[in-house]
Amino acid sequence: MTDARGSSEAGRTLGDMGGHSRVEPAWGPEAVDDTGHRTGDHSPATAELDDTATGIEPGEDRPREGQDLTRAGASGAAWLGGAQVVGKLVTLLTTVLLARLLTPSEFGLVSLALVLLVYAEAIADAGVAQALIYLQRTRSAERAALLCSLVMGLLLVGLVQLAAPLIAGFFNHPEVEPLVRLLSLSLFCNSLAAVPDALMRRALAFPRVVASAMVRTVVTGLVSIALAFAGAGAYAIVGGTVAGAVSYVVAAWLLVPERPDVAFWRTTRADVRSVMGYGAPVAGSTLLAKLVYDVDYLIIGRILGATALGYYTLAFRLPEMVILNVFFVLSVVVFPLYTKMRGDLTRLQNGYLFSLRAYALYGVTTGVGLAVTAPLLVPLLFGPQWAQSVIPLVALALYCACRSLSGGSNEVYKALGRPGLSLIVSLVRLAVLVPALTLAGLQWGIDGVAWAQAATALLFAAVVQVIAARMLQLRWWVVGRSILPSLVAGAAVAVVGMALSLLPLPAPVLLAVVVVGGAAAAAGALAVVFPSVLRELLTIVRRRGAVPA
């Protein structure tokens, strides 16, 4: 697995469980200095990042000759974005078929089995993947990273096997125990894949990252569908998850550009301390992020049961596929780029502001669009038996829109060597989220949980942006200016989409009309209110076409 909600992680998937949580650094026509004042022309068409500006030391990984980090970022985002489109089409097809072959209760049982496993998965690689990207690549670091990930993976598999009866007892569903035992195998697979995956990302070898991820998605979908047709019930999803994890390990090791040193028995204590010194806080932060972003599953499964969790899981499926997985693409690209730019504050500021604008524009407009079309999408795609998923889908789509307003902050914390900041924020967020979701669930069921998620996401988007602005020495209004275009575009989508949804048309035709009308409204609003932002986006699209493959 790769990231909390928004990656190919098993914790938030159905059709690709086990295969699932964000760019070009520029601030439009002009750059912004550390006081928030404009400093000249740094448009996407002219900004070039040389080795001095980006802090690349001699001998470090760098893009190919003639391709600067800006182009590497755009090319990487395009590769991963293209893979996401194809992969999510496969996943959508898988989910639609499984939704018609399985019951909400069977969906819920798998989600129960995954709820606590996702937490173990968050530390399956002991944080070594991020450490390998951040630290200078050496043979000793590779050996230490491999050793740490293997040991952690074996420990977690053993612990999960022992804890399986306790997990089943916690949810009062004994049938969950064998599902948990089988799913634990994917933990070890994730540990094995951590080192080659991190090295591919560090080298900006995104076509290889894409290939390994596509293998996992396709294998997961094919096996899940085959088992569902065979009448395997909940085991269809579990079997697909494990098969996808195994295929991903094999693909990652075959595709890594330069074979890492696998002689982990030669690792010294100093090597382990070096890797874990950075990796442990990252793993802790990731674990807390999992607790934050998956605690709704835990609460629903505990107090409302498997069937309610099945409806909620499916409701989360669409915003996860079309929004959070895109955020995952962006984070994969921007973290290595931020790391290479950390020696130049101005360029890091520009890169952050651009990525935030990209997160927010996409997340808000798409989230609002999903919320508007939810009453049409659910019965059309999944069938009328899933009608109870409509209201949670509306709220969770807006939750994802609110999350987009915090885009890129965690990557900046890590790039500046402060991964512990994410941990602190996650602790505070968890302390707020657990009582809020519990009370909302007891009072209003899954609908209340979904709306409580949206409210807390909006609150903490403001918190993390304040911290990021302070670290980057940016004025608050500069950060707000990057978010404002997305709010205008989102409002246009809401007004036009809701108006069009009242037309007396057949459901498939009406859905197409609302989608096209909403997209046109967003583009029109940007053209009128923020023409420079629209020009910037078009420039990047045209420029991407010239990036070498």
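Structure values in brief
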{"quantity": "Arg269 versus Leu93: modelled label distance in nm, points set 7 Å from Cα along the beta carbon direction", "calculated": "5.5"}
{"quantity": "Ala520 versus Arg139: modelled label distance in nm, points set 7 Å from Cα along the beta carbon direction", "calculated": "6.3"}
{"quantity": "Computed FRET value (nearest 0.05) for Trp444 with Leu166, which takes r as the C-beta separation and R₀ as 22 Å", "calculated": "0.15"}
{"quantity": "Calculated diffusion of segment 203-293, Stokes-Einstein form, Kirkwood radius summed over Cα pairs, 25 °C and 0.890 mPa s, µm²/s", "calculated": "153"}
{"quantity": "Segment 445-498: Cα Rg divided by the 2.2 N^0.38 Å rule of thumb", "calculated": "1.46"}
{"quantity": "Burial order of peptide ranges 375-383, 240-248 (average beta-carbon count within 10 Å, highest first)", "calculated": "240-248, 375-383"}
{"quantity": "For Val250, net neighbour charge (Lys/Arg +1, Asp/Glu -1) across residues whose Cβ lies under 13 Å away", "calculated": "0"}
{"quantity": "Cα centroid separation, segment 301-377 to segment 98-158 (Å)", "calculated": "20"}
{"quantity": "For segment 128-139, Karplus couplings with θ = phi - 60° (6.51, -1.76, 1.60), whole Hz, Gly/Pro x", "calculated": "6, 4, 5, 5, 5, 6, 7, 7, 5, 6, 9, 5"}
{"quantity": "FRET efficiency, 1/(1 + (r/R0)^6) with R0 30 Å, evaluated for Leu222 and Leu380 via beta carbons", "calculated": "0.80"}
{"quantity": "Cα-based shape type of segment 290-349, given that a ≥ b ≥ c are square roots of the gyration tensor eigenvalues and the cut on a/c is 1.5", "calculated": "prolate"}
{"quantity": "Potential extension, Leu458-Ile303 segment - 0.36 nm per residue separation minus Cα distance", "calculated": "53.3 nm"}
{"quantity": "Per-peptide average of other Cβ atoms within 10 Å, ordering 495-508, 186-199, 525-538 highest first", "calculated": "186-199, 525-538, 495-508"}
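Any read-out appearing in this document is the output of simple, stated calculations on the displayed coordinates, not a laboratory observation. In this text, all values refer to a predicted model and were calculated from it rather than measured experimentally. FYI the Cβ positions are ideal-geometry reconstructions off the backbone, even for glycines, and counts take in every protein chain you see.
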